[in-house]
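**Student:** Take this structure, written in C-alpha cells, and hold onto it; I'll ask about it next.
The values are calculated or read from the model by the stated rules, or taken from the named source; none is laboratory data. Fair warning: this is a prediction, and the values are worked out from it, not measured in the lab. Here the Cβ positions follow ideal geometry from the backbone for every residue, glycine too, while neighbour counts run over all protein chains shown.
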Amino acid sequence: MTFPEPGTASSEPLPTQDERSMATLAHVLQLVGWFIAPLIIFFLRRNSRFVSFHALQAVFLQLAYMLVWMGVMLVWFVFILGTVAGGGKSGPPQPMFFVFFGLLWVLGLGLWLAVLVTAIVYGLKAGKGEWAAYPVIGGWARRVLQDDHPAAPPPAAS
C-alpha cells in the first residue's frame, strides 16, 4: 500500500472530519507542545494513515529544528570560548562579538517564523483533507510509514 504523492489523484478514501481535525492539531500544536504534542497524536491515531502521516511530519520538523538549534548553540559556545580565551586583554568585548550575536538572533527568529508559517499552512491543508507533504521532511515521513504499513495482501478470490 503506497502513500499518495502530493498533487496526484488518490484511491485512498477521503479522510473523515475527525482525521482532518487530528492532523490539523498535530501541525498546530507543535507550536506550543514542541515535538511531544504531535508525537502523542501520532501514537493515539496510529491506525489512521492520514493522521499518522501529518503527525510524523510535525515530529520530524520539530526534531530538525532542535538539531539546527543544537548546532547554533555549539557554534555560539565555541565563539564565546574563543573570544574569552583569545582575548588576552581585559578590555571591552570586540564589536564582532555583538555582530555575531545579532546574526544568531536573526537566524533564530527566521527559523521560528519558518516553523510558524509551515505549521499554519500545512495545518490548513490537513484540515482540507490534503495529503500535503513538507519539502524533504514529507518524503522522510512517507518512507518511514511505508516501511511501517506494508502492502496489504491481495483480496481472496470468492
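**Student:** Might you let me know whether the stretch 22-36 holds any residue that is over 23 Å from residue 111 (Cβ atoms), among the hydrophobic types (A, V, I, L, M, F, W, C) and under 18 Å from the mean Cα position of the chain (by Cα)? Steps first, answer last, please.
**Tutor:** Step one: of the stretch 22-36, the residues over 23 Å from residue 111 (Cβ atoms) are 22-23.
Of the ones still in play, those that are also among the hydrophobic types (A, V, I, L, M, F, W, C) are 22-23.
Filter once more, keeping what is under 18 Å from the mean Cα position of the chain (by Cα): 22-23.
The answer is yes; a qualifying residue exists.
**Student:** Residue by residue through the stretch 1-28, note down the ones that are at pLDDT 90 or above, under 16 Å from residue 133 (Cα atoms) and small (Gly, Ala, Ser).
**Tutor:** Listed by number, the residues that qualify are 23, 26.
**Student:** Look through 44, 109, 63, 56 and report the one residue that is at pLDDT 85 or above and either among the polar types (S, T, N, Q) or loosely packed, with under 13 Cβ neighbours inside 10 Å (or both). So that I can check it myself, show each step before the final result.
**Tutor:** Values: 44 fails: either among the polar types (S, T, N, Q) or loosely packed, with under 13 Cβ neighbours inside 10 Å (or both); 63 fails: either among the polar types (S, T, N, Q) or loosely packed, with under 13 Cβ neighbours inside 10 Å (or both); 56 fails: either among the polar types (S, T, N, Q) or loosely packed, with under 13 Cβ neighbours inside 10 Å (or both).
Within the list 44, 109, 63, 56, the selection yields 109.
**Student:** Going through 43, 60 one at a time, which residue ends up being under 17 Å from residue 143 (Cα atoms) and in a helix (DSSP H, G or I)? I'd like the intermediate steps shown before the answer.
**Tutor:** On the way: 43 fails: under 17 Å from residue 143 (Cα atoms).
None of the other options fit; the residue is 60.
**Student:** Conditions: (1) surrounded by 10 or more Cβ atoms within 10 Å (Cβ to Cβ); (2) out of contact with any Ser or Thr (no Cβ under 6 Å at 6 or more places or on another chain); (3) modelled with pLDDT under 85. Residue 97 meets all but one. Number of the miss?
**Tutor:** All conditions are met except number (2).
**Student:** How many of the residues in the stretch 41-59 are closer than 22 Å to residue 112 by Cβ and β-branched (Val, Ile, Thr)?
**Tutor:** First, the residues of the stretch 41-59 that are closer than 22 Å to residue 112 by Cβ: 41, 54-59.
After this cut, where a residue has to be β-branched (Val, Ile, Thr) as well, the list is 41, 59.
Selection size over the stretch 41-59: 2.
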